[in-house]
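Where a number appears in this text, it was derived from the coordinates with a stated rule and is not lab data. Everything numeric in this text was worked out from a predicted model, so none of it was measured. Here the Cβ positions follow ideal geometry from the backbone for every residue, glycine too, while neighbour counts run over all protein chains shown.
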Amino acid sequence: MSGAVAVLNYNLVGYRRTWRGTALSSFVLPVLFVLGFGVSVGSLVNTSALGGESYLSFLVPGMIASTAMQVAFGESTWPVQSKFTWMRTYHAMIAAPLAIGDLLLGDLSFLALRVVTSSGVFLLITALFGAVHSWWAFAVLPACALLGIAVASPVFAFTATVDSSTNYFAFLQRFIVIPMSLFAGVYYPISKLPEYLQVLAWISPLWHAVEICRAATHADHGSLWALAGHVAYLLLWAVVGCWLALRQFRRRLAD
Amino acid sequence: MTDNATLIHARSLVKRFGDFTAVDGIDLDVRAGEAFGFLGPNGAGKSSTMRMIGCVSRPTAGTLRILGRDPVRDGVAIRARLGVCPQQDTLDTELTVRQNLTTYARYFGIKRRVARAKVDELLEFVQLAERADAKVEPLSGGMKRRVTIARALINDPEMVLLDEPTTGLDPQARHLVWERLFRLKQQGVTLVLTTHYMDEAEQLCDRLVVMDNGKIVAQGTPRELIERYSTREVLEVRFPGDDQAPYADKIEGIGERVEVLPDRILVYAPDGDAALVSVTERGLHPSSVLVRRSSLEDVFLHLTGRRLVE
């Protein structure tokens, strides 16, 4: 445990130098986007399909989850590859008395912290614009952390598996991450999709997080059973993802 | 020598990667306070052996005890007492020198306040105190190496593993690193290093093994190895013209062994000057002559051959 804290500390020391740069992509741009888009396009939207909510109120929780996913994806591709290949940080770490689980736990804790802070700032700003309607909105933070782990852990496993000469990350970004953010109920309810696409949305972790965030920020929280189902589904992704990541890290580092 | 003082104990140690056997059944005993070297061409199995000793790679077969413990079961506990200077630098080039060391100290559970004092002391030791708050990225190769060595000492290790500590450094930087390592040795720290530089091995190692193709082909002190596998002196003669081979036949029989290289002939003899007299007595007049003492390099090339290993 203290090993994982030391790994988290390493990440934080590095982040102290780079946080300004990541602030832009982690919440400044998404917040500007959601406000501009939500207010302007929102004024054209017939809100009856959204259960009477304003489009801004509909869009904000979806965008928070979607941004959390992007941050988690970003943190688990190039930075992880660098720690294997360029900086060889992981190699330095395992020469010290750290276990491979410490590396993963420390890195994923840092990632969760990144996701929670960017979601928190996002939530705070949009609340000022009247897009948040319940004190349960704070539940968005752990939900985004869970989504972050659910998305990042399998990507950690993938990054540990591929070599650095080919750019798989752009492929993942274009064919999985971006489509997921378009078809997982961020911008419109998935009931508007043809049924075969709805199935894809159900499979994606993002849709489940969007549903949790929406239930948390709206006045009407919906069914508790549905929420429990969404949480359970994300937990499943996280548990399987962490197991895969641990296995691939072991293969890569401890031949 | 008691078992407590044997820091590395290996018997029939094997490391395989798929079909490839990197380490092919080696026996080793390294005692506390020794400077022990692995010598060998690239691909001889030195680094694979070092990684097993550093408890980051599992032996495929055989016995290995590090500090008297099992590296597979007690890896974390053993690594807490080792210092490792890997072949490739693993510094975070975006952080400062000091941050690299303080973050690393935390991996050993060293308290922040203790670490700060230790880092100052170590940067003084590797003569980088004035660069403490500089980023690592623009530092020279020699400076980065010294940062890595300082980092390896953060936990006051009982044994320091150095994988090719001076490869790629310029002569000044190498000598500075050697001098620091020699100081460590004087302080009683056990050093285990790999190298393919003979002068490095002669300067630093009390005892060494020569590895080739995953096996130990010779071991002893540098002096013992030279005595066993070479002669006291070497006479190097060069004859005019492109082809040295015809002259070799005429020299044959002088000294203990004659070796023909494309540009010169080596005569291994107890007395180089006497050998030279014999050469001129046969009516041969080399265009250049050098008599020198035998070195580990002669031993190395004799044992591992002159073929190029990439």
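In order along the stretch B:238-245, phi translates into HN-Hα couplings of 10, 10, x, x, 7, 9, 8, 4 Hz, rounded to whole numbers, per the Karplus curve 6.51 cos²θ - 1.76 cosθ + 1.60 with θ = phi - 60° and x for Gly and Pro.
Ranked by how many other Cβ atoms sit within 10 Å of their own Cβ, fewest first, the residues B:Glu164, B:Glu124, A:Glu211 fall in the order B:Glu124, B:Glu164, A:Glu211. Ordering A:Ile212, A:Ile190 from the fewest to the most neighbouring beta carbons within 10 Å gives A:Ile190, A:Ile212. Rounded to 0.05, the FRET efficiency of the B:Ala117 and B:Ala274 pair, given R0 = 60 Å and the Cβ-Cβ distance, is 0.50.
The ratio of the alpha-carbon radius of gyration of the protein assembly as shown to the globular-protein estimate 2.2 N^0.38 Å is 1.29. Taken residue by residue and averaged, Cβ atoms of other chains lying within 10 Å of the Cβ of B:47-59 number 2.
Provide the FRET efficiency to the nearest 0.05 for the B:Val260-A:Tyr168 pair, computing r from the beta carbons and using R0 = 41 Å. In this case the efficiency is close to 0.20. Entry note, the protein assembly as shown: the mean residue ellipticity at 222 nm calculated from DSSP H runs of n ≥ 4, each adding -39500 (n - 2.57), is -16000 deg cm²/dmol after division by the residues and rounding to the nearest 500.
Give the residues of the stretch A:180-216 whose amide nitrogen is closer than 13 Å to a point set 7 Å from the Cα of A:Val45 in the direction of its Cβ. Those under the cut-off are A:185-192, A:214. To test your reading of the geometry: what angle, between 0 and 90 degrees and rounded to tens, separates the Cα axis of helix B:112-125 from the longest principal axis of chain B? The angle comes out at about 20 degrees.
Using the average count of surrounding beta-carbon atoms within 10 Å as a protection proxy, the listed peptides A:84-96, A:214-226 rank, highest first, as A:84-96, A:214-226. Kirkwood radius for chain A, taken over all pairs of different Cα atoms as the inverse mean of 1/r, rounds to 18.8 Å.
Of the residues A:Tyr168, A:Tyr196, the one with the fewest other Cβ atoms within 10 Å heads the list, and the complete ranking is A:Tyr196, A:Tyr168. Taking label points 7 Å from Cα along the Cα-to-Cβ direction, B:Glu158 and A:Lys192 give a separation of 6.8 nm. Averaged over peptide A:11-20, the number of partner chain Cβ atoms lying within 10 Å of each residue's Cβ comes to 2. Applying Stokes-Einstein at 4 °C and 1.567 mPa s to the Kirkwood radius of the stretch B:3-219, computed over alpha-carbon pairs, gives a translational diffusion coefficient of 74 µm² s⁻¹. Once both labels are positioned 7 Å from their Cα atoms along Cα-to-Cβ, the gap between B:Glu124 and A:Trp225 label points is 7.1 nm.
Taking trypsin sites (Lys or Arg not before Pro) across the stretch B:92-162, the ones in a DSSP loop with at most 14 further Cβ atoms lying within 10 angstrom of their Cβ are B:Lys111. Remark: mean inter-chain Cβ contacts per residue of B:92-99 equal 4, using a 10 Å Cβ-Cβ cutoff to other protein chain atoms. If R0 is taken as 51 Å, the Cβ-Cβ distance between A:Leu200 and A:Arg17 corresponds to a FRET efficiency of 0.85. Compute the label zone of B:Glu137 within the stretch A:6-42: residues whose backbone N is under 18 Å from the point 7 Å along Cα-to-Cβ. So the set is A:11-23.
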